[in-house]
Amino acid sequence: MEGKGIELNIGPVHPATHGVLKLVADIEADTVKNAEVEIGFLHRGKEKTAELRYFNSYFPIVDKLDYVGALNWEILWASTVEKAMNIETNERVKYIRTIMAEMQRIMSHLVYIGAFGQDLGNLTFFVWALRERELLMDIVEEISGGRLAPMYNRVGGVFYDFTDGIVEKIDSALLRIEEKVKKEYKAMTYENSLFMMRSKGIGIMSQKIIKDNGVTGPNMRAGGIKRDLRKDEPYLAYDKVDFDIITEEESDVYARFMVRIREILESIKIIRQLLKSIPEGDVKISTPWIMKVPPGYTFVRHEMSKGEGAMFLVTDGGLKPYRLKIRSPSFYSLQALPLILEGCKVADAFAITASIDPVMGEVDR
Amino acid sequence: MIFDEVYSVLTAYLPPKVDLVLSVLVTFVLALIVMIATPIILGWVDRKFSARIQSRYGPIYVGKFGILQNFADVVKLMGKNFVTNRYVDKFSYNIIPILSSILSFLIISLLPLGSSGLVFVSLPYNLLFIYILLAFSPLLIIIASWGENNKFAVLGGFRSAAQITTYELALIVTFISVGMLNGSYDIISIINSQSFIWNILYLPLTAIIFFIGSLAVIERAPFDLPESSQELQAGWRIEYSGLKYGLFLIGDYVKLLAVSIIFVSLFLGGWSGAFLPGIIWFWIKTIIVLMLLMSLRWTLGRPRIDQLLSIGWRWLLPLSVINLIIVEIVMLI
């Protein structure tokens, strides 16, 4: 029977839309016929703000781009300005930044898998994932003084060196997370038949969709495309560690979840290797707080927890950037969302939305 | 009945007619205490228990171990404004919370609370009557969701109707199996007839079907699809707030207790047990079943509605019918 169907406004204040994402879905008898993504509810003009700030004063703003992966963006901004100024940081800084970036990646993935479990109706899993994230949060707090937005980096280095005994603390935290991921999370999610029933075979993102929309990161690797900037064009200290690129073949919601789970274990491996070989040295080289950057165009891209984040910086030799363009990976994943939502059930729409891991802070910028 | 016991005590001390009026009053007060205390205490247990599972503390500040937290919450709910959307149908919107909580209390008033005398209303065939009361709820939910005039509510309401109707069918078949095995639809005589061997040993499959089906019928997580907060925000309860929402919550907890009592009565032998007095056995079993029901909520995610319905139609209903046929054949032999 052909009915007219209803138009359902999901969000921007909906518990499952992870921030202020809005979906407008045409629904016919529990099937999503057509979905449209509306963004812009968290737009704060961050790219424009960059033009009004000194290079070092932009770090607090960068922190709030992806608020669950702040350190990754900080490091990207620092690397961009350093490349524009043509300065090379110490080896120790590179190591510290890599360790912090990987810890941030674990934290971001933990938030993702927790929130995803919660979207399937399992609140306990959300609390468990945040419990493990808290271990790393405490470490970041001890090192940098901040938690969600640490403001730890600056041009030419980082603010503080590792504190005494932090290596042991990181080790024990990683051990605990590894154990939890391998045992508790396994029972609760990725080997739980109810969880598999909900997540397998839905929201399939074909390789064509991935390539057409520029989807990167774990969402892309879940589709079987082997590409990781940490491996393909190593930055920081990634060329000194041994790790694998995690890929899955199915490209469904379950595969995207599994990529994150396995990347957590991979990140733990990276941090362990780096902690063993971390060199001595200064954690910052002396650059003035307010400095001029020579004119030119700079493009730097890093592998964020959500995909490839990039910054294109135009400088005119002044104290402030002339123009900054930010490529946020979530934005491109969201572009593919209407395509994979077509024809799914209403309940699946939320699982699929959660599975591509959108963070509205970096989508709207 | 509780009334009879109260009357038999009071009639020794009081003049006639006065004792009758007074025992009605005492029974009423007892019923009121059960009505108020059950959901509040169960709510506290649920909060503490879920907190243990989730590595949290749960309520700790109000009273010892936070036991008064839910009383404070009820007071807060009562103090809230009644926010009513302009577009709702006022009559159905206002009447449904009351009806739905009354329905839950009716169920518990029919059940024995520990021994054959501890029951508020004693009816013959009370198992069938309980089934009728359970079968009422999809009707109320559809009326509520339609009256709310909200898209999420309508989606939730229809989910709820589909789900409850599906699982009620399996439930009535399990009731018939048990009734046939014990030769009665009266809960007290069912309990009395399993004083040596519990029904769960005869009918393990039926017990499992009842366990799953009852979870779905009372819309308890993991089968809380009609009001799944992550998908439909609150489903058919979306427009409710304050005390009206509180009534739904109260009804939920009472239904949870009712289902565990029914399970204990039908399959675990009620108050039968060695050494300890029957009433203690009864409540030990009830609490164990209750905890099992609660722990499922905090450890499992929810299935999709079509998956849930297909489990109901393809597995639970055929299995329970096959079970019924086997019981029938065995009884005939």
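Just a few scattered comments:
- Some residue of the range B:52-73 being within 14 Å of another protein chain (Cβ to nearest Cβ) and touching a Pro at 6+ places or on another chain (Cβ under 9 Å): no
- Filter result for A:Lys169 (within 12 Å of chain B (Cβ to nearest Cβ), of a type outside the set (A, V, I, L, M, F, W, C) and touching a helix residue (DSSP H, G or I) at 6+ places or on another chain (Cβ under 9 Å)): no
- Residues in the range A:4-18 that are surrounded by fewer than 19 Cβ atoms within 10 Å (Cβ to Cβ) and not in a strand (DSSP E or B): A:Lys4, A:Gly5, A:Pro12, A:Val13, A:Pro15.
- Criterion applied to B:Ile200, B:Ile209 was being closer than 16 Å to B:Ile326 by Cα and at pLDDT 85 or above, and the one residue passing it is B:Ile209.
- In the range B:147-160, the count of residues that are of a type in the set (Gly, Ala, Ser), surrounded by fewer than 20 Cβ atoms within 10 Å (Cβ to Cβ) and in contact with a Pro (Cβ under 9 Å, 6 or more places away or on another chain) is zero.
- When A:Lys226, A:Lys211, A:Lys200 are checked against the criterion of being of a type outside the set (Phe, Trp, Tyr) and over 21 Å from the mean Cα position of the chain (by Cα), A:Lys200 stands alone in meeting it.
- When the range A:135-169 is filtered for residues that are surrounded by fewer than 16 Cβ atoms within 10 Å (Cβ to Cβ) and within 22 Å of B:Arg56 (Cα to Cα), the ones remaining, listed by number, are A:Asp138, A:Glu141, A:Arg147, A:Leu148.
- Matching residues, the range B:228-247, being more than 11 Å from every other protein chain (Cβ to nearest Cβ) and either surrounded by 24 or more Cβ atoms within 10 Å (Cβ to Cβ) or outside any helix (DSSP H, G or I) (or both): B:Gly235, B:Trp236, B:Arg237, B:Ile238, B:Glu239, B:Tyr240, B:Ser241
- Count of residues meeting criterion [within 28 Å of A:Trp77 (Cβ to Cβ) and touching a Phe, Trp or Tyr at 6+ places or on another chain (Cβ under 9 Å)] in the range A:235-251: 3
- When restricted to residues that are within 14 Å of another protein chain (Cβ to nearest Cβ) and either of a type in the set (D, E, K, R) or in contact (Cβ under 8 Å) with a residue 24 or more places away in the chain (or both), the range B:281-310 contains 15.
- Any hit, the range B:272-288, residues being among the β-branched types (Val, Ile, Thr) and not in a helix (DSSP H, G or I): no
- Taking the range A:26-54 as the range and being surrounded by fewer than 15 Cβ atoms within 10 Å (Cβ to Cβ) and among the aliphatic types (A, V, I, L, M) as the test, the residues that pass are A:Ala29, A:Leu52.
- Looking across A:Val181, A:Val140, A:Val155, one residue alone is among the β-branched types (Val, Ile, Thr) and in contact with a Lys or Arg (Cβ under 8 Å, 6 or more places away or on another chain). It is A:Val140.
- Subset of the range A:92-130 [polar (S, T, N, Q) and free of Cβ contacts under 8 Å to residues at least 60 places away in the same chain]: A:Gln118
- The set of residues in the range A:58-81 that are buried (at least 22 other Cβ atoms within 10 Å of the Cβ) and of a type in the set (D, E, K, R) comprises A:Asp63, A:Asp66, A:Glu74.
- Within the range A:7-31, considering residues that are in contact with an Asp or Glu (Cβ under 9 Å, 6 or more places away or on another chain) and over 25 Å from A:Ser328 (Cβ atoms), the one modelled with the lowest pLDDT: A:Asp30
- Against the conditions (1) in contact (Cβ under 8 Å) with a residue 24 or more places away in the chain; (2) β-branched (Val, Ile, Thr); (3) away from chain A (no Cβ under 14 Å), B:Ile208 satisfies every one except (1).
- Annotation: of all residues in the range A:287-307 being among the hydrophobic types (A, V, I, L, M, F, W, C) and under 24 Å from A:Val68 (Cα atoms), the one that is farthest from the chain's Cα centre (by Cα) is A:Phe299.
- Of note, B:Pro138 does not satisfy the criterion of being touching a residue at least 60 places away in the same chain (Cβ under 8 Å), of a type outside the set (A, V, I, L, M) and assigned to a helix (DSSP H, G or I).
- The test for being closer than 18 Å to B:Ile287 by Cβ and in contact with a Ser or Thr (Cβ under 8 Å, 6 or more places away or on another chain) holds for B:Gly58.
- Members of the range A:277-302 found to be at positive phi and either loosely packed, with under 13 Cβ neighbours inside 10 Å or touching a Ser or Thr at 6+ places or on another chain (Cβ under 9 Å) (or both), listed by number: A:Gly296
- The numbered conditions (1) in a helix (DSSP H, G or I); (2) surrounded by fewer than 22 Cβ atoms within 10 Å (Cβ to Cβ) are all true for B:Ile164 except (2).
- Hey, B:Ile98 surrounded by fewer than 17 Cβ atoms within 10 Å (Cβ to Cβ), in the same structural domain as B:Leu296 (by TED's automatic domain parsing) and either modelled with pLDDT of 85 or more or under 25 Å from B:Ile238 (Cα atoms) (or both) or not: yes
- Residue within the range A:313-321 that is touching a helix residue (DSSP H, G or I) at 6+ places or on another chain (Cβ under 9 Å), more than 14 Å from every other protein chain (Cβ to nearest Cβ) and not in a loop (DSSP other than H, G, I, E, B) present: yes
- Restricted to helices (runs of 4 or more DSSP H) entirely inside the range B:1-87, those with at least 3 residues that are touching a helix residue (DSSP H, G or I) at 6+ places or on another chain (Cβ under 6 Å) and free of Cβ contacts under 8 Å to residues at least 60 places away in the same chain are B:2-10, B:18-53.
The values are calculated or read from the model by the stated rules, or taken from the named source; none is laboratory data. Please read these numbers as outputs of a predicted model, since none were measured by experiment. Positions of Cβ are generated from backbone atoms using ideal geometry, with glycine treated the same way; all protein chains shown enter the neighbour counts.
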